[in-house]
There are 2 protein chains.
Amino acid sequence: MSQSLETPLSKVKRGPNRASYDKKQACAIIDAALMCHVGQTKDGQVFVTPTCHWREGDYFYWHAHSKARNVKGPIDDPEKVCINVSLLDGLVMARSAMHHSVNYRSVTLFGVPERVEEQDEKVRQFKLFLDKVSPGRWETLRPVNETEIKATGVVRIKIEEASVKFRAEPPIDAPEDYNWPVWAGVIPLERHWGTPQTDPVQQQIFAPAKPPEAF
Amino acid sequence: MSQSLETPLSKVKRGPNRASYDKKQACAIIDAALMCHVGQTKDGQVFVTPTCHWREGDYFYWHAHSKARNVKGPIDDPEKVCINVSLLDGLVMARSAMHHSVNYRSVTLFGVPERVEEQDEKVRQFKLFLDKVSPGRWETLRPVNETEIKATGVVRIKIEEASVKFRAEPPIDAPEDYNWPVWAGVIPLERHWGTPQTDPVQQQIFAPAKPPEAF
Ligand SMILES: Cc1cc2nc3c(=O)[nH]c(=O)nc-3n(C[C@H](O)[C@H](O)[C@H](O)COP(=O)(O)OP(=O)(O)OC[C@H]3O[C@@H](n4cnc5c(N)ncnc54)[C@H](O)[C@@H]3O)c2cc1C
Ligand SMILES: Cc1cc2nc3c(=O)[nH]c(=O)nc-3n(C[C@H](O)[C@H](O)[C@H](O)COP(=O)(O)OP(=O)(O)OC[C@H]3O[C@@H](n4cnc5c(N)ncnc54)[C@H](O)[C@@H]3O)c2cc1C
Ligand code: HEM
Ligand code: HEM
């Protein structure tokens, strides 16, 4: 599973020291994030849509209403979309303004989406999506019905043309600036799932859903 | 400052009940976020670049190396870019799979970028950017020099064609599902700035930088 994802399109030119084309690393970042940004065009105009995603093996999946742009557009009019998945990990505070930065994990993917058509396969994918969002929850839910399956568009791209970029280190200042009298370092961004807020209309008491490992 | 940002391009068709075109609301979300995703094209291929942004009045700014795609591309070859700024606020756990969702604040902006050319104005913008990232820090840093100013591309779009979409509520299930015996509600996502990590090479002790209100 660890072949290179590098192609002319996904080759990092700016900051290649921060780049990787390792599929395992890309998948780890994809799995650690709940949302991505899907870029596509329509009549020459670019659109960027924030979207939740999940992964199975070599495939990156997302869903929306079957008529939504980000699942219908690139199927009606096949196009290589560009998707970015980014996690902001910290603020990098340098001694000079220009060397300020952020620590991050980021994956950019390219691919022509294909639609998942088959009903049973769609339902299997819904389960995988739910398993990511809240492990064990799928089995406890009111089962999906045919209207819901039809209303939902599920698309995927193969993870084969992509790049990883990440930064996870202290500031890097110019050598002559290291004695500038100001604090320098990283302020990490921490994320966690807070106290579950039960639906106010719910009377009976149940154990809250399990939150995901992803953010 | 509160005129409508609605245009044919920014008009929300899916889920218009979640939409707003109020500039104040858009600006509040822009200011609450450190990063955005810039969508643009090059020879018909779409690219999405995660980027830090800031705002002054009616303008949305970002920066990169003066030769980076997201600051050079749409200047060399003017194009209406699409930028999304999203904050994930929680996971919405419903009684049925399909009514699962996320609570979020999101702004989509369209505009043809213009470059900030003038040196003094660039430096003034650097300060505004730093003021967002760490209030009061600019004055304590090694001042920027001409090489740095030249190396940095700063671009902006006017906030005049945009849409806000947000969700901040419990799950909404089908009426017949409200008695399904499973926990339903929202699990909020919490973010905060962790303990500052001083650059390991720093010997002298300084007060750490102030983290921003934005995430
Ligand atoms: C964190 C997050 C995760 C999401 N996950 C999913 C998901 O998994 N599946 C899903 O169906 N939807 C998801 N959404 C909503 C998604 O972004 C779109 O709103 C939805 O897919 C409809 O897109 P459309 O282009 O078909 O809408 P249209 O209504 O046709 O778009 C028309 C115009 O509405 C505006 N608009 C559309 N979406 C947004 C937005 N998010 N923010 C601001 N303006 C907008 C734009 O100006 C756009 O040009 C998510 C949103 C967020 C913020
Ligand atoms: C949270 C965050 C904030 C950022 N803020 C800024 C900022 O404010 N200013 C700035 O200059 N840069 C920022 N970056 C880096 C930025 O995303 C780009 O890497 C940089 O602008 C160079 O882009 P380019 O298209 O010119 O690079 P090129 O190297 O020319 O791009 C070529 C290929 O490299 C790959 N690539 C480029 N960027 C990324 C990426 N981020 N992740 C994965 N693959 C990538 C893509 O496959 C792309 O097609 C940020 C990154 C993250 C994750
Ligand atoms: C205000 C003064 C600043 C100047 C003059 C400046 C300048 C630059 C330049 C020239 C680059 C391009 C580096 C390259 O691609 O070779 C760059 C990249 C970058 N800048 Fe800034 N910057 C400034 C502040 C900031 C701040 C405050 C942040 C973060 C909050 C930031 C975040 C970044 C990031 C994330 C990159 C990409 C580096 C990477 O890919 O690892 N910059 N900046
Ligand atoms: C797995 C079973 C699921 C099905 C069948 C399903 C189906 C759908 C459908 C049909 C829509 C379109 C609504 C519309 O635009 O009219 C939609 C939107 C959406 N879905 Fe799902 N969904 C499922 C699970 C999830 C999960 C687990 C999440 C979140 C983690 C999620 C997040 C969203 C979001 C954010 C929207 C956009 C709603 C908005 O803009 O407010 N969905 N889903």
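Derivation of every value follows stated rules applied to the coordinates shown; laboratory data play no part. Quick caveat, the model's predicted, so the values are computed rather than measured. Cβ coordinates were reconstructed from backbone atoms using ideal geometry, including for glycine residues, and neighbour counts include every protein chain displayed.
What does the net charge come to around A:Ala168 if you take all other residues with beta carbon closer than 10 Å to its beta carbon, with K and R at +1 and D and E at -1? Don't skip to the end; give the middle numbers.
Working: positive: A:Arg18, A:Arg105, A:Arg167; negative: A:Asp89, A:Glu169.
With Lys, Arg at +1 and Asp, Glu at -1, the neighbours total +1.
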- Hey, got the average number of other protein chain Cβ atoms within 10 angstrom for residues in A:75-86? 3
- Query: What does the charge count near A:Val107 come to, summing +1 for each Lys or Arg and -1 for each Asp or Glu among other residues with Cβ under 11 Å from its Cβ?
  - Reply: +2
- Percent RCO, i.e. relative contact order, over chain A, from Cα pairs under 8 Å lying at least 6 residues apart: 28 percent
- Task: Treat the count of other C-beta atoms within 10 Å as a stand-in for reagent exposure and order A:Lys150, B:Lys80 from fewest to most.
- Result: A:Lys150, B:Lys80
- Which of B:Val144, B:Val85, B:Val112 fluctuates most in a GNM of chain B (C-alpha springs under 10 Å)? That residue is B:Val144
- Task: Please determine, in degrees from 0 to 90 and to the nearest 10, the orientation of helix B:119-133 with respect to the longest principal axis defined by the Cα atoms of chain B, where the helix direction is its Cα long axis.
- Result: 40 degrees
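Counting only other chains, and only Cβ atoms inside 10 Å, what mean value do you get across the residues of B:119-132?
1
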- Message: I need to check one value: relative contact order of the stretch B:82-159, counting alpha carbon pairs closer than 8 Å and at least 6 residues apart, in percent.
- Response: 31 percent
- On average, how much area does the Cα convex hull of chain B cover when viewed from any direction, in nm²? 16.1 nm²
- Item | Amide H partners (placed H, <5 Å) of B:Asp199, local residues excluded | A:Ala184, A:Gly185, A:Val186
- Message: From the phi angles alone, apply the Karplus equation (6.51, -1.76, 1.60; θ = phi - 60°) to the stretch A:54-61 and give each ³J(HN,Hα) in whole Hz, x where the residue is Gly or Pro.
- Response: 8, 9, 10, x, 8, 10, 10, 10
- Message: Compute a Gaussian network model of chain B, connecting alpha carbons closer than 10 Å, and tell me which residue from B:Gly44, B:Gly15, B:Gly57 fluctuates the most.
- Response: B:Gly44
- Item | For the stretch A:17-28, Karplus couplings with θ = phi - 60° (6.51, -1.76, 1.60), whole Hz, Gly/Pro x | 5, 9, 9, 8, 10, 7, 5, 4, 5, 4, 5, 4
- Query: Where the eigenvalues come from the Cα gyration tensor of the stretch A:1-112, what are the semi-axes √(5λ) of the equivalent ellipsoid, largest first, in whole Å?
  - Reply: 27, 17, 15
- Which far-off residues, 5 or more places away or on another chain, put their amide H under 5 Å from the one on A:Phe215, with H placed in the peptide plane? A:Ala33, A:Leu34
- Note on the structure: Partner shielding of B:19-29, taken as the mean number of other chain Cβ atoms within 10 Å, equals 0
- Using label points projected 7 Å from each Cα along Cα→Cβ, tell me how many nm separate A:Tyr59 and A:Ser4, to one decimal. 2.8 nm
- Message: Per residue of the stretch A:159-171, what does 6.51 cos²θ - 1.76 cosθ + 1.60 with θ = phi - 60° give for ³J(HN,Hα)? Whole Hz please, x for Gly and Pro, Karplus curve as stated.
- Response: 7, 9, 9, 7, 9, 10, 9, 8, 9, 8, 7, x, x
- Distances from A:Gly57 to the same residue in each other copy, label points 7 Å out along Cα→Cβ, in nm, shortest first? 5.7
- Task: Taking H placed 1.01 Å from N in the peptide plane, check which residues at least 5 places from B:Tyr59 or on another chain put their amide H under 5 Å from its amide H.
- Result: B:Ile159
